[in-house]
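**Student:** Below is a structure I'd like to ask you about.
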Amino acid sequence: MRVFYITLAVVIIDQISKIYIKGIDIPFLGLTIHGMPYNSSINVIDNFFLITFIENPGMAFGIQLGGKLLLSIFTLIATVLIIYFLIKNKNETLYLRMSLAFILGGAVGNLIDRLFYGVIYGYAPLFYGRVVDFFHFNMPDFSIFGKHFYTFPIFNVADISVTIGFVMILFGYKKIFSSAKFNEKTDASSDISEITSADNTIEETGNTVSAPVHTHSENKIENLPS
């Protein structure tokens, strides 16, 4: 399915950007990327947009709901369900499948951090890794879900992809549901046509069978001796 190319592209871009920010050392491959010091920033646009390296144990944009293990398991289950839906409903609208592919790409990108980064970088067991974030916009303080943010939450490519997917669904739900209703009407019309066609075939078959029987009986009566 071609929509999975969207997911794959998001995961690749997300992981490359995170490795570039965090750095990595793989001696047997001769690969060393130094990355940025933790909590350091690179000013990109007049102290409004920065690249700031942090890690968070929570959801997208640093929102924390539940423990690390629960969040990792929830994300894993959600990922499997989205993959199943995309495979099972490959005839759904392209718009819906594309939006889910973006959400899936973001979910997989952050899931890799949570599942493996703790083991790869040697600071936590499987399922307890922290998500690498780095896009940083200095914005006015605000609160969400009871948590106060002193600047806009620092995020990553995976978070952007999830947001794109949800925004597509939010603004395109009429298109999605109108298409679904159209498909239902088309299927219903097709079923009615098949039933009508079957009835006509039965009637034609009955007429064809009864005609020769009637004729044969009349001929026998006419040929009786007088």
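**Student:** May I ask you to verify whether Ile176 is in contact with a helix residue (DSSP H, G or I) (Cβ under 7 Å, 6 or more places away or on another chain), in a helix (DSSP H, G or I) and either modelled with pLDDT under 90 or loosely packed, with under 15 Cβ neighbours inside 10 Å (or both)?
**Tutor:** yes
**Student:** Can you say whether Asp113 is outside any loop (DSSP other than H, G, I, E, B), of a type in the set (Asp, Glu) and modelled with pLDDT of 95 or more, as far as the supplied structure shows?
**Tutor:** Values: outside any loop (DSSP other than H, G, I, E, B): yes; of a type in the set (Asp, Glu): yes; modelled with pLDDT of 95 or more: yes.
Yes: the conditions hold for Asp113.
**Student:** Across region 50-72, what is the total count of residues that are modelled with pLDDT of 90 or more and either among the β-branched types (Val, Ile, Thr) or exposed (fewer than 13 other Cβ atoms within 10 Å of the Cβ) (or both)?
**Tutor:** Going through region 50-72 one residue at a time, the tally reaches 3.
**Student:** Can you tell me which residues in region 20-40 are of a type in the set (Ser, Thr, Tyr) and more than 32 Å from the chain's Cα centre (by Cα)? Even if it seems obvious, please write down each step before you answer.
**Tutor:** Looking only at region 20-40, we keep the residues that are of a type in the set (Ser, Thr, Tyr), and these are 20, 32, 38, 40.
Matches in region 20-40: Thr32, Ser40.
**Student:** Given the residues Phe4, Phe49, which is the only one that is of a type outside the set (Val, Ile, Thr) and either without any contact (Cβ under 8 Å) to a residue 60 or more places away in the chain or closer than 21 Å to Ile154 by Cβ (or both)? Lay out the reasoning, then the answer.
**Tutor:** Details: Phe4 fails: either without any contact (Cβ under 8 Å) to a residue 60 or more places away in the chain or closer than 21 Å to Ile154 by Cβ (or both).
After ruling out the rest, the residue left standing is Phe49.
**Student:** Of the residues Val108, Val131, only one is touching a strand residue (DSSP E or B) at 6+ places or on another chain (Cβ under 8 Å), β-branched (Val, Ile, Thr) and in contact (Cβ under 8 Å) with a residue 60 or more places away in the chain; which?
**Tutor:** Step by step, each of Val108, Val131 is checked, and only Val131 is touching a strand residue (DSSP E or B) at 6+ places or on another chain (Cβ under 8 Å), β-branched (Val, Ile, Thr) and in contact (Cβ under 8 Å) with a residue 60 or more places away in the chain.
**Student:** Next up: Please tell me if Asp133 is among the acidic types (Asp, Glu), buried (at least 16 other Cβ atoms within 10 Å of the Cβ) and in a helix (DSSP H, G or I).
**Tutor:** no
**Student:** Among the residues that make up region 141-158, is at least one of them out of contact with any strand residue (DSSP E or B) (no Cβ under 7 Å at 6 or more places or on another chain) and at pLDDT 95 or above?
**Tutor:** Yes, that holds for at least one residue.
**Student:** Here are Ile6, Ile42: which of them is among the aliphatic types (A, V, I, L, M), touching a strand residue (DSSP E or B) at 6+ places or on another chain (Cβ under 6 Å) and surrounded by 12 or more Cβ atoms within 10 Å (Cβ to Cβ)?
**Tutor:** Ile42
**Student:** So, in region 136-155, of the ones that are part of a loop (DSSP other than H, G, I, E, B) and touching a helix residue (DSSP H, G or I) at 6+ places or on another chain (Cβ under 9 Å), which residue ends up nearest to Ile42 (Cα to Cα)?
**Tutor:** The extreme case among them is Ile154.
**Student:** For Tyr95, indicate whether it is closer than 28 Å to Ser40 by Cβ, modelled with pLDDT of 70 or more, surrounded by 12 or more Cβ atoms within 10 Å (Cβ to Cβ) and in contact with a Gly (Cβ under 8 Å, 6 or more places away or on another chain).
**Tutor:** No, not satisfied.
The values are calculated or read from the model by the stated rules, or taken from the named source; none is laboratory data. For clarity, every value in this text was computed on a predicted model and none was experimentally measured. Cβ sites come from the backbone with ideal geometry, for glycine too, and all protein chains shown count toward neighbours.
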